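The values are calculated or read from the model by the stated rules, or taken from the named source; none is laboratory data. It should be emphasised that the depicted structure is a prediction, and the values quoted were computed from it without experimental measurement. Cβ sites come from the backbone with ideal geometry, for glycine too, and all protein chains shown count toward neighbours. Accessible surface is based on the protein model in full, side chains and every heavy atom, while ligands, DNA and RNA are left aside. Shrake-Rupley method; radii C 1.70, N 1.55, O 1.52, S 1.80 Å.
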Amino acid sequence: MSTTEVFLIAMAIIFFVPYVLWRLGRTDYFAPLVVVQIITGILLGPGVLGKAYPQYYEFVFTADVVKTLNGLAWWAVMLFVMIAGIELDLRKAWEKRRESGITAGLALSVPMALGAVVAVAMLGFPGWIGDKGLPWQFVVGVGMACAVTALPILILLMEKLELLRTPMGQRILRYASLDDVAIWGVLALVLMDWQRIGRQGLFLVAFGIACVLFRRLMPKLPERDRWFVALVWLAVCALGADWCGLHFMVGAFLAGVVMDAHWFDQEKLDGLRHNVLLVMMPVFFLSTGLKTAWSMGGAAVFLAAAALLVASVAGKLLGVRLAGRILGWAPGEASMIGWLLQTKALIMIIFANVLLDKAIITSAMFTALLLMAIGSTMLTVPVVAPKLRRLARAPGTREELAPAAG
């Protein structure tokens, strides 16, 4: 069969298998379709399908097909990260800067510290740190992976829980937005290449100048033209970031974060995010699954994932509980907010992909992080839903959980 025909077989599998599992298994309560797609990517990877049925795996996922899928996945994830950057609303966080800063800071720093402790312990065993990774990069990278909050998945889950348009939902988005900025800032620090420091400095200077010109240009354009200019801007920023060694995903986030959401029709922006998730991101999930490895042995990878999951969840809950005590929150608020903020899935997987691409972590470590992200995300709705019902009955939080007017 031709490469085109095999590629189309792969595409049919990518969209058909997770949809059937999600629809027939009725997993939506604990595993939204996006999570099922990530799990399917792992099952279709070399560690599961490739090991059980190597002849079928090698027939479908040839080198040419994988190369084509990777190209689609790169563009999909760049679009997704750009949209996440556009949707960050830091003005509201600034208006409530004391509350937002304390909560976001503790929600990020405590799980990062616990994750770093696990990472230090893992340095004592071979097979986890990548060939090009320095110990500090590995420790900081893994620690931050434990602290990540996936803002797009958080929005999806809060919509499901009918929490998004409430005052409390907006508070949670403020905390997650600040953490999102910190996450990409730490990633840029981890990726700093002292051999390319000149290039990176040149990129940052050029990016700053280009931002000024870009932000002057965009408001003057009709909205229909802004979409096309935004895509060119995305490609150029990603190219510049990758050229200087920061990785194209950092460039994609920078491209989005300097754009104002009000430049675009909100319904169209929501539709673009939905369509990228529907049409493009399943290809990224499969390409992610193809990077998983069980070379350390299944038990070792699952043990590492469990340790990282404990550090992530416990750290997030402890950090938010400390914030709640400082700020005087009502009983039960901190626990619910902590569980929502430990939602990981997409952004953590993107973060881990960058660490793997730069050889800071190995495929085995990437697999452990991937399993941790899936576990933390699947726990969220089953744990939060009953907490939300209890809070809705409490007089002190009833107004916070009521939909905002208009």
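Here are some notes:
- ³J(HN,Hα) computed for each position of segment 380-392 - Karplus, 6.51 cos²θ - 1.76 cosθ + 1.60, integer Hz, glycine/proline x: 4, 5, x, 7, 6, 3, x, 5, 5, 5, 5, 5, 5
- The GNM of the chain, with springs linking C-alpha atoms under 10 angstrom apart, assigns the highest mean-square fluctuation among I155, I129, I374 to I155.
- L123 paired with Q266, simple spin-label distance in nm, labels 7 Å along Cα-to-beta-carbon: 4.6
- Here H274 sits with roughly 110 square angstrom of accessible surface, probe radius 1.4 Å.
- Long pairs among K67/K316; K96/K220; K67/K132; K92/K220; K160/K344; K220/K268, criterion Cα-Cα beyond 27 Å: K67/K316; K96/K220
- Note on L213 and K67: with the Förster distance fixed at 30 Å, the Cβ-Cβ geometry gives a FRET efficiency of about 0.25.
- Per residue accessible area in Å² of segment 27-138, where ligands, DNA and RNA are left out and the probe is 1.4 Å: 50
- A cut-off under 14 angstrom between Cβ atoms defines the neighbours of W74, and their net charge, with Lys, Arg +1 and Asp, Glu -1, is 0.
- Point-charge dipole on Cβ atoms (K/R +1, D/E -1) for the chain, about Cα centre, debye to 20: 860
- For segment 273-396, the per residue solvent-accessible surface stands at 33 Å², with DNA, RNA and ligands left out and a 1.4 Å probe.
- Based on protein heavy atoms only, segment 145-255 ends up with 43 Å² per residue of surface accessible to a 1.4 Å probe.
- The chain, relative contact order in percent, only Cα pairs under 8 angstrom and at least six apart counted: 30
- Using a probe radius of 1.4 angstrom, the carbon and sulfur fraction of the accessible surface of the chain is 67%.
- Rounded if a/c under 1.5, otherwise prolate or oblate - segment 239-325, Cα gyration tensor axes: oblate
- The H on the amide N of I361, modeled in the peptide plane, is under 5 Å from the matching H of G130, L356, each at least 5 residues off or on a different chain.
- Scanning the chain for trypsin sites (Lys or Arg not before Pro) that sit in a DSSP loop and have at most 15 other Cβ atoms within 10 Å, the longest stretch containing none of them is 166-397.
- Backbone geometry of segment 85-102 corresponds, through the Karplus equation with coefficients 6.51, -1.76 and 1.60 at θ = phi - 60°, to 3J(HN,Hα) couplings of x, 4, 7, 5, 10, 7, 5, 5, 5, 5, 4, 10, 5, 5, 4, 5, x, 5 Hz, x marking Gly and Pro.
- Stretched out straight at 0.36 nm per residue, the stretch from L8 to R98 would grow longer than its current Cα-Cα span by 27.2 nm.
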